[in-house]
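See structure below.
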Amino acid sequence: MSGITAIAVLAAVLVAVVAFGITAFNLLRTLDVKAQEALGGIDVQLTRRADLIPNLVSTVKGYAAHEKSVFEEVTAARAKATQAAQSGTVEEKAQAQAQLDRGIFHVLAVAENYPELKASVNFLQLQEQLTDTENQLAFARQYYNDATATLNQRVVTIPWMFFTGMAKVAARPFYQATEGQQAPPPVTF
């Protein structure tokens, strides 16, 4: 009788350990997928913002054709940001976006010199779309960082850390503003 009891207890413990292992594996993979999904949300907003840039450049270019270097800068930054959104690391995306932010700021600074441009319906609509996109981008970055924080907390705590290798999950980097980009540039119209 005691041999059967010991086997039953051992079997119950083994089943509990296997069940916990499956639960830990699934939890870690789910958190990793959520963080990846959140990063995809950032990419969507970055792409949306990059898609608005040609319209902004065209609108401002019509008024300020002699500002060629500004338009070349923002066009190059847009290309870099689009490429980073498609295949870059979190850090590369942040750096590319910081460069694009500077380019957009310079285009908007050029617009300051043209009162008729600032009153243009096209320009005002683009400005509104950029503002909306920036708000959505800030939300997407926060969502990613929240998902990353949850994942990173699990990856480094016991007992979850023992299952990270099996689940092929590791801590993810946070999306941080690059140096000098912690606050948006001041733009007034």
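The table below gives the values:
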read-out: Tally, over the range 77-89, of residues that are more than 17 Å from Asn55 (Cβ to Cβ) and of a type outside the set (S, T, N, Q); value: 4
read-out: Sole residue being polar (S, T, N, Q) and closer than 30 Å to Lys34 by Cβ, chosen from Gln99, Gln127; value: Gln99
read-out: Residue match in the range 82-92 (condition: closer than 29 Å to Glu112 by Cα, in a helix (DSSP H, G or I) and of a type in the set (Gly, Ala, Ser)); value: no
read-out: Some residue of the range 45-55 being within 13 Å of the chain's Cα centre (by Cα), farther than 30 Å from Arg154 by Cβ, of a type in the set (D, E, K, R) and buried (at least 16 other Cβ atoms within 10 Å of the Cβ); value: yes
read-out: Matching residues in the range 106-131 - criterion: being loosely packed, with under 14 Cβ neighbours inside 10 Å and of a type in the set (D, E, K, R); value: Glu112, Glu116, Glu128
read-out: Any chance Ala79 is farther than 20 Å from Leu137 by Cβ and either part of a helix (DSSP H, G or I) or over 25 Å from the mean Cα position of the chain (by Cα) (or both); value: no
read-out: Conditions (1) closer than 30 Å to Asp32 by Cα; (2) modelled with pLDDT under 85; (3) crowded, with 17+ Cβ neighbours inside 10 Å: number failed by Tyr144; value: (2)
read-out: Set Thr23, Thr59, Thr5: member being surrounded by 14 or more Cβ atoms within 10 Å (Cβ to Cβ) and among the hydroxyl-bearing types (Ser, Thr, Tyr); value: Thr59
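To keep it simple, each residue is scored yes or no on (1) more than 17 Å from Ala50 (Cα to Cα); (2) among the polar types (S, T, N, Q); (3) modelled with pLDDT under 80.
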position	(1), (2), (3)
Glu91	yes, no, no
Ala98	no, no, no
Gly103	no, no, no
Ser120	yes, yes, yes
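The values are calculated or read from the model by the stated rules, or taken from the named source; none is laboratory data. Small disclaimer: the values here were computed from a predicted structure and weren't measured. Counting neighbours? That spans all protein chains shown, and the Cβs are built from the backbone with ideal geometry, glycine included.
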